[in-house]
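What follows is one structure encoded as structure tokens, with my remarks underneath.
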Amino acid sequence: EIFGIAQDDSKRASRVKIFESEISERKEEDPKLAMTRVKIDRFSGGAVDGALFREKPIYGGELILEILVEKDKNELVSPNDNSNTETAVACLLLVLRDLYNGLLAVGGETAVGRGIFNLGDQDFFTKVTLDNQVINEGLFQKYMQQLARRLEEKEKEKNEQKLDAKPLCNRK
């Protein structure tokens, strides 16, 4: 439900907003490689006639990724309970860590190796801020513990529902 819902009469927009970012601060020494490739026919696996591409993808540079997580309605009613938002932030931190480590690709042409982010030798914890506070390992662990508690609660609820379930028919 954090990314919205559209089932039957229930419709709600996502609580996560990811703003557009522009790659900036490219250095002159960043490579400007022209790549030539050919489109592959999905059925035959061969080259498509007349489908030769020559591109200059961007390498290097920096960007600032701004993500907004809106509070859950329940948290607005009882401000001391912000577990839903903290759980959402914890999940997004895991995604960002994978993105920064080059494990996720973003955008088009990911099949040919585009859209991969890599911090190189930079530490993940020095680059991510939350409410203008740098995420250090301690704060990251706090969010991971919150996520673990939330997952345990959900598993417990799921098991209790199984115990309460009545058999559909009695077999003899």
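What the table shows:
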| item | result |
| --- | --- |
| For VAL38, distant residues with modelled amide H under 5 Å away | PHE53 |
| Computed lengthening from VAL134 to VAL16, 0.36 nm per intervening residue step minus Cα-Cα distance | 40.5 nm |
| Gain upon complete extension [LEU103, PHE117; 0.36 nm per residue less C-alpha separation] | 4.2 nm |
| Charge context of LEU147, other residues only, Cβ under 14 angstrom, K/R +1, D/E -1 | +1 |
| 31 Å Cα-Cα threshold exceeded, pairs from LYS11/LYS156; LYS127/LYS158; LYS11/LYS154 | LYS127/LYS158 |
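We did not get these values from a lab; they are worked out from the coordinates using the rules stated. Computed from a prediction, not measured in an experiment: that's the story for all the values here. Every residue, glycine as well, gets a Cβ built from its backbone with ideal geometry; the counts of neighbours run over all protein chains shown.
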